[in-house]
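Structure first, commentary second.
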Amino acid sequence: MTTHTPHVADEARYDQDIYRRCGRSGLKLPAISLGLWQNFGGSTSVESQRDIILAAFDLGITHYDLANNYGPPAGAAESNFGRIFSKKLKPYRDEIIVSTKAGYWMWPGPYGEWGSRKYLLSSLDQSLKRLGLDYVDIFYHHRPDPDTPLEESLSALDQAVRSGKALYVGISNYGPDATRDAARILKDLGTPLLIHQPRYSMFDRTPEQGLLDVIGEEGIGSIVFSPLAQGLLTDRYLKGIPKGSRATHSEFLTKDQITETYLKRAIALNEIAKGRGQSLAQLALQWVLRDERVTSALVGASSVKQLRTNVAALDFDPLTNDEIAAIEPYAVHGTERA
Ligand SMILES: NC(=O)c1ccc[n+]([C@@H]2O[C@H](COP(=O)([O-])OP(=O)(O)OC[C@H]3O[C@@H](n4cnc5c(N)ncnc54)[C@H](OP(=O)(O)O)[C@@H]3O)[C@@H](O)[C@H]2O)c1
């Protein structure tokens, strides 16, 4: 059970300057942010969720990333975060960046997913209710909609800002050309595109095929999701598939991804990490952050211990060019799966 006594945050939480400017905006984000896609739904204890959320804040992780559909069931992560936030973190609202998104299936009928103005603005209202917040800091369109004009989806984001329900807007899973178009349309509307949220890790380098260039040229920030490839770029699966790990219960990471080829790559990368005196997770995080166009690495965690290990990646010296070159043979190019 969580009590209503507000959390007393660690006074040392800002001692280390771990904040990076989000593109050419005025907003800084922590180099590592916490995502609530998994481990914050109905099947995880409230205590575990609370401990991870509070530990993050104490470590200077000021950014929590959500979406309408995170759970399970869909909506549960926002409700759980909202309850914990209101009991424990409310006094710190102005120190915290909360994001949410709409794009994936949320409710039945023609208005419950994709990118219509009807869906996006209704979904944001629902999210704010579940979160118990007056506004989110960043509202994203979660995925491109091939059947709705970009202008319609983006003018809904613009309206979210104008109505005070969001401070900034972002897009996720958009390709390079659509991202450039989105930046132009939003600029014309007067609400700059703050941030893009693509998947990026040593095992998925798709953003290197044009997206990061657009992000750099347009002055957009980026927060990269699944930088640990859902746990594959950690020591989690080096000695088998542990009970309770994501590969045992998620449709998004399946046991058949733990192949011989994967293990060879992960073991080689783990040796490089050991040579730096760090864990594979820490190496993987420093690898995505080697590119200054990446504002933040958006991690998930099923324990406070994992989160602490991940944030401690920021204590190490940046990777050298020789180390980056040594990683190269094991970091998969393009969309090829590990
Ligand atoms: N925009 C989008 O379409 C989209 C899509 C996916 C995700 N996201 C965002 O990105 C966030 C992160 O995604 P993700 O959870 O896939 O990220 P991730 O950081 O690549 O994977 C997190 C998982 O890796 C394992 N892990 C983390 N730290 C570890 C450590 N130090 N040692 C060993 N294992 C460790 C844990 O697995 P176990 O659970 O097995 O312990 C954890 O649940 C999401 O929460 C969400 O906010 C966005």
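All of the numbers you see were taken from the coordinates with simple rules; none came from a lab. Source: prediction; values computed, not measured. Neighbour counts are summed over all protein chains in view; Cβ atoms, including those assigned to glycine, are modelled from backbone coordinates with ideal geometry.
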Test item: Cα-centred dipole of the chain, Lys/Arg +1 and Asp/Glu -1 on Cβ, debye: 880 debye
Please state the charge dipole magnitude for the range 270-338, taken about the Cα centre, from unit charges on C-beta atoms (+1 on K and R, -1 on D and E), reported in debye and rounded to the nearest 20. 360 debye
Percent antiparallel among DSSP beta bridges (both partners in the range 1-101, rounded to 5): 40 percent
When Ser172, Ser296, Ser279 are ranked with the fewest other C-beta atoms within 10 Å first, the list becomes Ser279, Ser172, Ser296
If I take every Cα pair under 8 Å that is 6 or more residues apart in the chain, average their sequence separation and divide by the length, what percent do I get for the relative contact order? 18 percent
Can you give the extra length, in nm with one decimal, that the chain gains between Glu151 and Glu217 once fully stretched, where that is 0.36 nm per residue apart less the Cα-Cα distance? 21.6 nm
Exposure proxy check on Ile53, Ile324, Ile96, Ile220: fewest-to-most Cβ neighbours within 10 Å is Ile324, Ile96, Ile53, Ile220
What ratio of Cα Rg to 2.2 N^0.38 Å holds for the chain? 0.95
Taking the Cβ of each residue in Leu228, Leu194 as the centre, tally the other Cβ atoms inside 10 Å and list the residues starting with the fewest. Leu228, Leu194
Lys305 versus Asp51: modelled label distance in nm, points set 7 Å from Cα along the beta carbon direction: 1.0 nm
For Cα pairs less than 8 Å apart in space and 6+ apart in sequence, what is the mean separation divided by the residue count of the range 1-115, i.e. the relative contact order in percent? 28 percent
Please compute the length gained on full extension between Gln16 and Lys187, using 0.36 nm multiplied by the number of residues separating them and subtracting their Cα-Cα distance. 58.2 nm
Which of Leu314, Val161, Ala247, positive extreme of dipole for the chain (C-beta unit charges): Ala247
On a C-alpha basis, how far is the centre of the range 10-52 from the centre of the range 252-292 in Å? Whole number, if you could? 22 Å
Can you give the % of DSSP beta bridges in the chain that are antiparallel, to the nearest 5? 15 percent
Can you find, among Leu232, Ala273, Gly71, the residue sitting farthest towards the positive end of the charge dipole of the chain, where Lys and Arg contribute +1 and Asp and Glu -1 at Cβ? Gly71
Simple spin-label estimate for Ala312/His249, 7 Å along Cα→Cβ, in nm, reads 2.5 nm
Starting from the range 230-320, pick out the GluC sites (Glu not before Pro) whose DSSP state is loop and whose Cβ has at most 13 other Cβ atoms within 10 Å. Glu251, Glu292
Using only alpha carbon pairs under 8 Å that are at least six residues apart, calculate the relative contact order of the range 128-207 and give it in whole percent. 29 percent
Counted charge near Arg180, where neighbours are those whose Cβ lies closer than 12 Å (Asp, Glu -1; Lys, Arg +1): -3
Could you calculate the contour length gain from Gln209 to Glu328, that is, 0.36 nm times the residue separation minus the distance between their Cα atoms, to one decimal place in nm? 41.2 nm
Projecting each Cα onto the charge dipole of the range 81-218 (Lys/Arg +1, Asp/Glu -1 at the beta carbon, about the Cα centre), which of Leu121, Gly175, Gly82 comes out farthest on the positive side? Gly82
What's the magnitude of the charge dipole for the range 95-183 around its Cα centre, counting Lys and Arg as +1 and Asp and Glu as -1 at the beta-carbon? Answer in Debye, nearest 20. 240 debye
